[in-house]
Amino acid sequence: MFKLFRENVRIALESIKSQLLRTILTIIIIGIGIWALVGILSAVKALENTISSDFASMGANTFNIQRYEFQVQRHGGEREKVNPVISYNDIREFNETYNYPYTQTSISFRATGAAEVKFENEKTDPEVQVYGVNEHYLANTGTEIDRGREFTFFDIQNNNKVCLIGSDFLKNLFKNDDPINKTISIRGVKFKVIGVLESKGATFGNNQDLKVLIPIQVARSIYTDPMINYTISIMVDDKEMMAGAQDAAIVAFRNVRRLSPIEENNFGIERSDDLINRIASITGVLEISAWIISIITILGSSIALMNIMLVSVTERTREIGVRKALGATRSTISTQFFIETIVIGQLGSVLGIILGIATGIAFAALTGFEFSMPWMALIGATIISFLTAVIAGSYPASKAAKLDPIESLRYE
């Protein structure tokens, strides 16, 4: 049985060589369909893994109060509503009035994304992000300390000139030195390094490891832009209390904004798991689109594959007659043409998978995302290409098997 199968594969490859151009074109058409499927799903998987891991680091028990919702809705030609920034007075009043049990509130703002950090005679490019934070920022954002210590309550309350730095500083400023207890300078203000943050990588080109965290009041004294927008992050110890804590936060911030009961919120509130679910729904649409595109392309390639096999049957009519005269049965002839079709289909599948994986790796490398192998796409691609070959090869194989041996021998 295996010997017969091997012989059929050998004959199939010989036949492919005899009509090389048509076969290559068919393989490319099949490969494009598989490439679309594997490539898009690889890119979507890399996107989903990276974003989900970033938002998951916030913790399932955390929600944010921010200027806008994650996605601002537009209704027809209606102009987008402009919410006021969350000001320092807003966060101070909220912090004084919000006292829901078993919660801790982190207050932070992004002071700049173009700071220059100096250490002795060395300095960085002006691309460092500086954040003003309080003592709960690390816990609420899921940020870990790699070495050193984190901020204490007294660091924040006493406005100590201390800082936490990202792991990328170990590659430039402190390449050959331990940064702990060293002094760096930002805008002429000196800070003692008390800790190094664990690496988080980059998202959408935003390097999470090239940043400095400093006490929030110290940051406000250095960066005095009146339109600074603050973020409030609230962590709840017990997930069962999340809904109550969120409702209380909305009420408290509405009071801060002096909103009447009939006015809509002029701020956004987002939970980390809501964001993950929303991203999953978006990537789900992209995955469905990838399947539709690839299936349409592969169906088109099945017509080309059927055509090339019909031409092959016609060109090899005399050969089929000789085989039947020598004792080949209908099933033998049919199997031979089936295997030829499947070989062409699988060659197209292999080509598409290689191109698709290469596309996914290139996309992940260019965007800084985390690549992972889309196993479902690979399995699906193999099955689809196999089924396509079976469907496309059914009629040509049946036609070849039904040829009359005497008429075939007379065929010129």
(request) Tell me, yes or no, whether region 402-410 has at least one residue that is assigned to a helix (DSSP H, G or I), at pLDDT below 75 and among the β-branched types (Val, Ile, Thr). (result) yes
(request) Would you check if VAL322 is aliphatic (A, V, I, L, M), surrounded by fewer than 20 Cβ atoms within 10 Å (Cβ to Cβ), assigned by TED's automatic domain parsing to the domain that holds TRP375 and within 17 Å of VAL390 (Cα to Cα)? (result) no
(message) If LEU355 satisfies all but one of (1) assigned to a helix (DSSP H, G or I); (2) at pLDDT below 85; (3) crowded, with 16+ Cβ neighbours inside 10 Å, what's the number of the condition it fails?
(response) (2)
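Which is assigned by TED's automatic domain parsing to the domain that holds ILE214, at pLDDT 90 or above, touching an Asp or Glu at 6+ places or on another chain (Cβ under 6 Å) and not aromatic (Phe, Trp, Tyr), of VAL133, VAL162, VAL128?
Residue meeting the stated conditions: VAL162.
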(message) Could you check region 340-362 and list, in sequence order, the residues that are over 15 Å from THR382 (Cα atoms) and among the β-branched types (Val, Ile, Thr)?
(response) THR359, ILE361
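Quick check on LYS81: is it surrounded by fewer than 20 Cβ atoms within 10 Å (Cβ to Cβ), outside any helix (DSSP H, G or I) and at pLDDT 90 or above? I'd like the intermediate steps shown before the answer.
Values: surrounded by fewer than 20 Cβ atoms within 10 Å (Cβ to Cβ): yes; outside any helix (DSSP H, G or I): yes; at pLDDT 90 or above: no.
So LYS81 does not fit the description; no.
Can you say whether ASN121 is closer than 18 Å to PHE191 by Cα, free of Cβ contacts under 8 Å to residues at least 40 places away in the same chain and in the same structural domain as PHE191 (by TED's automatic domain parsing), as far as the supplied structure shows?
Working: closer than 18 Å to PHE191 by Cα: yes; free of Cβ contacts under 8 Å to residues at least 40 places away in the same chain: yes; in the same structural domain as PHE191 (by TED's automatic domain parsing): yes.
Yes: the conditions hold for ASN121.
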(request) Starting from region 124-140, keep only residues that are closer than 18 Å to GLN104 by Cβ, then list their pairs with residues that are part of a loop (DSSP other than H, G, I, E, B) and polar (S, T, N, Q) whose Cβ atoms are within a distance under 9 Å, requiring at least 6 positions of separation or different chains. (result) GLU135/THR152; TYR137/THR143
(request) Considering each residue of region 94-115, count those that are surrounded by fewer than 14 Cβ atoms within 10 Å (Cβ to Cβ) and free of Cβ contacts under 8 Å to residues at least 40 places away in the same chain, and give that number. (result) 3
(message) I need the full set of residues from region 358-401 which are of a type in the set (Phe, Trp, Tyr), assigned to a helix (DSSP H, G or I) and touching a residue at least 60 places away in the same chain (Cβ under 8 Å), in order please.
(response) PHE363, TYR395
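The values are calculated or read from the model by the stated rules, or taken from the named source; none is laboratory data. Note that the structure is predicted; figures quoted are calculated from it, not measured. When we count neighbours, we look across all protein chains shown, and the Cβ atoms used for this are built from the backbone with ideal geometry, even at glycine.
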